[in-house]
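Notes follow the structure.
Quick note: the coordinates plus some simple rules give every number you see, no bench work behind them. Everything numeric in this text was worked out from a predicted model, so none of it was measured. Every residue, glycine among them, receives a Cβ derived from its backbone with ideal geometry; neighbour counts consider all protein chains shown.
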2 protein chains.
Amino acid sequence: MVDTDNKTRTLQTVSTSLEVLSELKENDTLGVTELATRLDISKSSAHAHLATLEDKELVINRNGTYELAVNLFTFGQYVREQNLLYQHGKSQVDKLADETSQYVHIVTEENGWGINLYQIKGETRVGGDYQQNKPQRRDHLHYTASGKAILAAFPADRVREIIESNGLPKRTSNTITSERELFEELESIRERGYSYNDEEEIEGFRAVGTAVRGPGGEVLGSLSISGPTSFMQGDRYKETIPERLINAANVIEVNLNMNKSDR
Amino acid sequence: MVDTDNKTRTLQTVSTSLEVLSELKENDTLGVTELATRLDISKSSAHAHLATLEDKELVINRNGTYELAVNLFTFGQYVREQNLLYQHGKSQVDKLADETSQYVHIVTEENGWGINLYQIKGETRVGGDYQQNKPQRRDHLHYTASGKAILAAFPADRVREIIESNGLPKRTSNTITSERELFEELESIRERGYSYNDEEEIEGFRAVGTAVRGPGGEVLGSLSISGPTSFMQGDRYKETIPERLINAANVIEVNLNMNKSDR
DNA sequence: AGTTTGGTTCGTCTATTACGAACAACAAAT
DNA sequence: ATTTGTTGTTCGTAATAGACGAACCAAACT
């Protein structure tokens with residue numbers, strides 16, 4: 001086998017096991033043989049990997065076929081509750097959702113991706129039916145308000161690295177797909193203090209975002225409020241929403257600084 | 001090293017890597033050396049494991065120390081949304097929370113443990129998931145209403161297996177800690193159709209639970225409603241709440257059967 | 001019954017991992 | 001500034017542990 005890129009030595013066996021996890025995440029459920037062919041390893045080997053993952057309760061064998069264990073949810077919960085921005089941001093975000101009756105998000109960055117830590121929809125009192133949250137939890141940063149707010153808070157070379165590795169794929173006709181254009185946008189976000197997403201991710205949806213910094217000035221992530229373009233307009237889009245958002249972010253930052261001493 | 005218990009052959013390297021994950025989950029953040037001593041492996045080896053996990057984005061190196069990656073949250077989300085009971089139960093549970101203004105839970109079982117997939121408190125507005133002061137996401141089954149409802153739906157030998165491996169630890173003075181007593185309790189739950197938790201997990205808290213079965217009759221998990229004993233009393237505790245709960249469970253089961261054909 | 005598909009087990013060879021020592025980076029202390 | 005201590009990273013090497021494939025089962029389907 002070819003060692004893709006040798007920075008640090010990495011454990012092959014573990015890598016394939018983790019690829020098993022990813023594979024199970026993509027294809028909801030897999031048998032031994034199918035997994036083996038998919039990863040191009042022997043059947044016996046695939047079996048061994050699955051057995052190990054099962055033993056450690058990351059995978060479970062439900063009537064002959066393997067799938068990710070619900071126990072993984074435990075890990076996810078832990079990780080989220082560990083997150084500073086989530087800890088201090090949730091209550092503010094709930095409040096924002098109440099006030100604006102739109103979607104509000106808490107997003108954090110990792111390896112150049114935006115991860116949706118929390119999402120809540122304010123009550124629009126539509127017949128008591130509740131919206132489903134989108135399954136996608138890991139997004140490019142350049143076509144969301146929260147993502148752009150984060151990018152605007154990063155140094156230019158870090159942004160370039162991210163573009164380098166993740167690209168600037170197009171989602172709608174409004175998506176910014178050129179590096180130069182993106183940098184101009186980031187500049188104006190910095191001047192403005194908050195970011196816009198004008199139907200750049202989803203047609204018909206606008207959003208406003210702003211970054212949140214930790215005690216040391218490091219970027220913890222961002223908040224965003226999004227809703228249909230029909231609603232996100234005029235003063236609301238230009239002033240009220242951004243104001244509320246910035247305010248919430250400030251409150252969070254203050255709270256974060258208060259607890260700085262504890263850490 | 002000693003092979004603990006050789007049923008199927010299991011990959012040692014992978015095992016230790018997964019132990020690294022667990023270790024990071026327990027101790028929020030660890031350095032290479034500390035991890036090495038904790039797992040009793042060499043420093044270089046610990047480093048290799050961390051490097052691999054980092055490469056696969058399950059672990060991240062924040063200023064010199066390693067911690068679980070937020071990306072794990074992605075997996076957790078996926079797993080939950082994959083869950084049949086969650087898919088069909090969430091809206092009903094939200095409604096229950098609204099009606100009863102108490103805590104409502106969706107719990108599922110895995111390897112003899114109860115996993116809290118969703119939890120919402122009525123009165124507070126519907127929408128997000130509310131984690132209260134309960135970081136614990138994996139619980140014994142014998143001292144919760146949801147857990148007992150699940151156990152009551154299992155065959156006796158399966159219950160015995162679970163007791164065998166997980167034990168019957170005491171949480172309060174009301175916790176059932178003897179096997180015989182537990183089996184009697186399960187019997188009366190079966191007759192009654194729903195379970196009670198009378199301050200068996202937490203002093204001052206009562207709960208009512210009921211199992212939910214899938215199209216094939218298999219136990220998918222359970223729902224429960226819990227609240228302070230001062231509130232959970234009289235008719236409410238004996239009739240209203242159980243009725244509502246059972247009703248919600250029935251609705252879910254009907255919905256599940258409707259979608260049976262799709263699968 | 002016979003055939004096919006997929007799951008599990010096992011012996012063996014070789015590739016990989018774990019080790020330890022050496023090196024580097026950084027802090028604290030003298 | 002120099003030393004000492006601590007922790008992270010790299011690398012060569014011996015020996016262990018993983019991957020293979022063949023053989024064995026168990027169902028499902030014909």
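Here is the P(r) of region A:83-262: all C-alpha pair distances, binned every 5 Å from 0, give 1, 9, 18, 23, 21, 15, 9, 3, 1, 0 in whole percents. Between identical copies, the spacing of A:G204 label points, each set 7 Å from Cα toward the C-beta atom, reads 4.9 nm from nearest to farthest. Residues A:H142, B:H47, arranged from fewest to most other Cβ atoms within 10 angstrom of their Cβ, appear as B:H47, A:H142. Between B:E19 and A:S101, the modelled labels are 5.7 nm apart [label points 7 Å from Cα along Cα→Cβ]. Considering helices alone, the calculated mean residue ellipticity of chain A at 222 nm is -14000 deg cm²/dmol, with DSSP H runs of length four and up weighted by -39500 (n - 2.57) and normalised per residue. Can you give me the angle between helix A:241-258 and the longest principal axis of chain A, using Cα atoms only, in degrees from 0 to 90, rounded to the nearest 10? Helix A:241-258 sits at roughly 70 degrees to that axis. Per the Kirkwood treatment, what hydrodynamic radius in Å, one decimal, follows for region A:12-74 from the mean inverse distance over all distinct Cα pairs? When all Cα pairs of region A:12-74 are included, the Kirkwood radius is 11.3 Å.
Each copy carries a label point for A:E164 at 7 Å from Cα toward Cβ; from one copy, the others' points are 5.6 nm away, ordered from shortest.
Mean partner shielding of peptide A:108-117, defined as the number of other chain Cβ atoms within 10 Å of each residue Cβ, is 3. By other beta-carbon atoms within 10 Å, ranking B:S195, B:S178, A:S15 with the fewest at the front produces B:S178, A:S15, B:S195. Classified by the C-alpha gyration tensor, region A:1-126 has a prolate form. Its axis ratio a/c, with a ≥ b ≥ c, is 1.5 or above, and a/b is larger than b/c.
Model label points for B:M258 and A:R158, set 7 angstrom from Cα along the Cα-to-Cβ axis, are 4.8 nm apart. Ascending distances from the A:K238 label point to its copies in the other chains, with the point 7 Å along the Cα-to-beta-carbon line: 6.5 nm. Selection among A:Q12, A:V93, A:H140 by position relative to the dipole of chain A gives A:V93 as farthest towards the positive end (Cβ unit charges, Cα centre). Its relative contact order, with pairs defined as Cα atoms under 8 Å and 6+ residues apart, puts chain A at 15 percent. Ranking A:A248, A:I176, A:F154 by how far each Cα lies toward the positive end of the dipole of region A:153-263 (charges on Cβ) leaves A:A248 at the top. Note on B:T177 and A:S188: their simple-model spin labels are 6.8 nm apart, each label 7 Å out from Cα toward Cβ. As a proxy for reagent exposure, ranking B:V20, B:V254 by other Cβ atoms within 10 Å from fewest up yields B:V254, B:V20.
In summary, the aspartates and glutamates within cross-link reach of B:K90, defined as a Cα separation below 12 angstrom excluding same-chain residues under 8 places away, comprise A:D129, B:E81, B:D129.
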